[in-house]
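Student: My questions all concern the structure below.
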Amino acid sequence: MSGTTPASRDGATSQEVVRPQDARGAVTERFENPGLVPHRHRMADVDPAAAKRAERQVATLFGISAIGTLLTLVVYFTIKFDNPNMSFFDLLARTRLSTEGLGIGLFLALFGIGAGAVHWAKTLMPDEERVEDRHLLRGSDVDRGDAVGILQEGAAESGLGRRPLIRNSLIGALALVPLPAVVLLRDTGPLPGNSLSTTIWRAGMRLVTDPQGRPVRPADLRVGSVVHIQPEGLEKVPDYLEEKAKAAVLLLRLDPDELDPVSVPGSYEGILAYSKICTHMGCPVALYEQQTHHLLCPCHQSTFDVTQNCKVVFGPAKRALPQLAITVDADGYLVAKDGFQEAVGPSFWERG
């Protein structure tokens, strides 16, 4: 039986703790510090030709990054998708070519800078191991001065001043690499302008049912009824889906005596029209509780009281639903008196 694994009384074995001993066999209190492994110089540390070769390799990687950036821009601007006569298979082919080209270009742009920086640090920057004992966080003025000197020494050891090839190629690569992000982000769509604050509702525009497109007379609505509404002619506008998302309206009929005085000027014989877009996150407010006259957003349970001009009575929404003022035209159909007097939907930075 081993002397380091004696048997216990119950027959099990346990590992014996062996404490370190010095050369005389006496047990020591703690392990001795083994120190640092002897420093091994790199080829670039002892051979100027190797250092120059490493410098050219780093500059080449930075140059590859610049080429990748330029390739990304060339692919983006030369592969077009706006040809109306393009077949479906041509579109697929161009989409694949564009995706592959952008992917390769962005890979080279980012990989070149990353690999160049790593290779620079591994081959040319100092790699001596240094040991510094821990001390109080706030050092003396002498120590603080030494820290500034160390930072200055590190900046000098990076070799930017002595290696203009690396410095200039790095500056060129870093100056070019943000360009694809600027171009791609700018092409996510046209600037919104005031489109978020306006809808296609205009004075005299008829209210028609969604999706049937049937104009509505006051006699078609009974007290307590709700109808989903869109503006007449909506299907003819260029940006149909975007405009419909902003112009969606709920038409409700209440007893005129239950209306809030603020909402009366925009109503017609107890009929009210409010934006269907929740002012919290833009979900459709499509649930109506007839007994309480509450409109409920199913996404986050924001609740609006129709008898209080759609004031928020519960939930995270902070603004009432905008009212669309309505009247009737010469043929007796419900029409808008004017557009919304405020932006519909959630708040946004430029909202006035």
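Student: Apply 1/(1 + (r/R0)^6) to the Cβ-Cβ distance of residue 239 and residue 151, taking R0 = 51 Å, and write down the FRET efficiency to the nearest 0.05.
Tutor: FRET efficiency, residue 239 to residue 151: 0.40.
Student: Using a Förster distance of 22 Å, how high is the FRET efficiency between residue 255 and residue 338, based on the Cβ-Cβ distance and rounded to 0.05? Kindly include the intermediate steps, with their values, before the conclusion.
Tutor: Working: r = 25 Å, r/R0 = 1.15.
In this case the efficiency is close to 0.30.
Student: Check which residues have an amide H placed less than 5 Å from residue 324's amide H, if you skip close sequence neighbours.
Tutor: Result for residue 324 returns 273, 274, 275.
Student: I need to check one value: relative contact order of the chain, counting alpha carbon pairs closer than 8 Å and at least 6 residues apart, in percent.
Tutor: Contact order relative to length: 13 percent.
Student: Let me ask another. Sorted from largest down, give the three principal axis spans of the alpha carbons of the stretch 36-176, whole angstrom values.
Tutor: 75, 40, 28
Student: Please find, in a Gaussian network model of the chain (springs between Cα atoms separated by less than 10 Å), the residue of 34, 322, 231 whose mean-square fluctuation is greatest.
Tutor: Judging by the Gaussian network model, the answer is 34.
Student: GNM on the chain, C-alpha springs below 10 Å: top fluctuator among 165, 102, 92?
Tutor: 92
Student: While we're on this one: Starting from the 7 Å offset along Cα-to-Cβ, what nm value, one decimal, do you get for the label separation of residue 92 and residue 200?
Tutor: The answer from the label model is 3.3 nm.
Student: Also: Starting from the Cα-Cα distance between residue 181 and residue 281, subtract it from 0.36 nm times their residue separation and give me the gain in nm to one decimal.
Tutor: Gain on extension, residue 181 to residue 281, equals 33.2 nm.
Student: With a 1.4 Å probe and every protein chain left in place, work out the accessible area per residue of the chain in Å², rounded to a whole number.
Tutor: 65 Å²
Student: Here's something else I'd like to know. What is the Cα radius of gyration of the chain over 2.2 N^0.38 Å, N being its residue count?
Tutor: Working: Rg = 37.1 Å, N = 352, 2.2 N^0.38 = 20.4 Å.
Ratio of Rg to 2.2 N^0.38 Å for the chain: 1.82.
Student: Taking the Cβ of residue 244 as the center, what net charge do the other residues with Cβ under 13 Å away carry, scoring Lys and Arg +1 and Asp and Glu -1?
Tutor: Spelling it out: positives minus negatives among the neighbours equals -3.
Student: Using the Karplus equation 6.51 cos²θ - 1.76 cosθ + 1.60 (θ = phi - 60°), what ³J(HN,Hα) coupling, rounded to whole Hz, does each residue of the stretch 295-306 give in order, writing x for Gly and Pro?
Tutor: Computed from phi, the couplings for the stretch 295-306 are 9, 10, 8, x, 6, 10, 6, 5, 10, 10, 9, 5 Hz.
Student: Right, next: Can you list the cysteines of the chain that have no other Cys Cβ under 4.7 Å away?
Tutor: Lone cysteines by the Cβ rule: 310.
Student: So which GluC sites (Glu not before Pro) in the stretch 286-352 are both in a DSSP loop and have at most 16 other Cβ atoms within 10 Å of their Cβ?
Tutor: Within the stretch 286-352, the qualifying GluC sites (Glu not before Pro) (loop, at most 16 other Cβ atoms within 10 Å) are 342, 350.
Student: Is the shape of the stretch 216-308 best called rounded, prolate or oblate, per the rule: a/c under 1.5 gives rounded, else a/b larger than b/c gives prolate, else oblate, with a ≥ b ≥ c the square roots of the Cα gyration tensor eigenvalues?
Tutor: oblate
Student: Another question, then. For the chain, which DSSP H helices look membrane-span-like by this rule: Cα extent along the axis of 15 Å or more and mean Kyte-Doolittle of at least -1.0? The partial results should precede the final answer.
Tutor: Details: long enough: 48-78 (44 Å, 0.84); 88-123 (51 Å, 0.85); 141-157 (24 Å, -0.27); 164-176 (18 Å, 1.31).
Correct list, ordered by number: 48-78, 88-123, 141-157, 164-176.
Student: Using Cα-Cα distances under 8 Å and only pairs 6 or more residues apart, what relative contact order does the stretch 214-352 have, in percent? Numbers along the way, then the final one.
Tutor: Details: 282 pairs, mean separation 30.2, N = 139.
About 22 percent, as a whole number.
Student: Going through the stretch 116-169, which GluC sites (Glu not before Pro) have at most 13 other Cβ atoms within 10 Å and a DSSP loop state?
Tutor: Loop-located and lightly packed - 128, 129, 132.
Student: Compute the distance in nm between two label points, each set 7 Å from the Cα along the Cα-to-Cβ direction, one at residue 77 and one at residue 133.
Tutor: Taking the simple label geometry, residue 77 and residue 133 are separated by 6.2 nm.
Student: What's the longest bit of the chain with no exposed chymotrypsin sites (Phe, Trp or Tyr not before Pro), using DSSP loop states and at most 13 other Cβ atoms within 10 Å as the test?
Tutor: Free of exposed loop sites, the longest segment is 82-347.
Student: Over the chain, with every protein chain in place, what whole percent of the accessible area is carbon and sulfur at 1.4 Å, could you tell me?
Tutor: Summing carbon and sulfur atoms, their accessible area is 59 percent of the total for the chain.
Student: Just grab the label-to-label distance for residue 144 and residue 301, each label 7 Å out from Cα along the Cβ direction, in nm (one decimal).
Tutor: With each label placed 7 Å out from Cα toward Cβ, I get 5.5 nm.
Student: Something else now. Of the options 241, 182, 169, report the single residue whose Cα projects farthest towards the positive end of the charge dipole of the chain (beta-carbon charges: Lys, Arg +1; Asp, Glu -1).
Tutor: The Cα lying farthest towards the positive end belongs to 169.
Student: Ok, one more. If each DSSP helix of 4+ residues adds -39,500 (n - 2.57) and the sum is divided by the residues in the chain, what number results at 222 nm, nearest 500 deg cm²/dmol? Present the calculation step by step, with values, prior to reporting the outcome.
Tutor: On the way: 7 runs with 117 residues, N = 352.
Computed ellipticity for the chain at 222 nm equals -11000 deg cm²/dmol.
Student: Below 14 angstrom from the Cβ of residue 82, what's the summed charge of the other residues (Lys, Arg +1; Asp, Glu -1)?
Tutor: Its environment carries a net charge of 0.
The values are calculated or read from the model by the stated rules, or taken from the named source; none is laboratory data. Every value quoted in this text rests on a predicted model; they were computed, and no experiment measured them. A quick note on method: Cβ atoms are made from the backbone with ideal geometry, for glycine too, and the neighbour counts reach across all protein chains shown. Heavy atoms of the whole protein, side chains included, go into the accessibility calculation; ligands, DNA and RNA do not. Shrake-Rupley method; radii C 1.70, N 1.55, O 1.52, S 1.80 Å.
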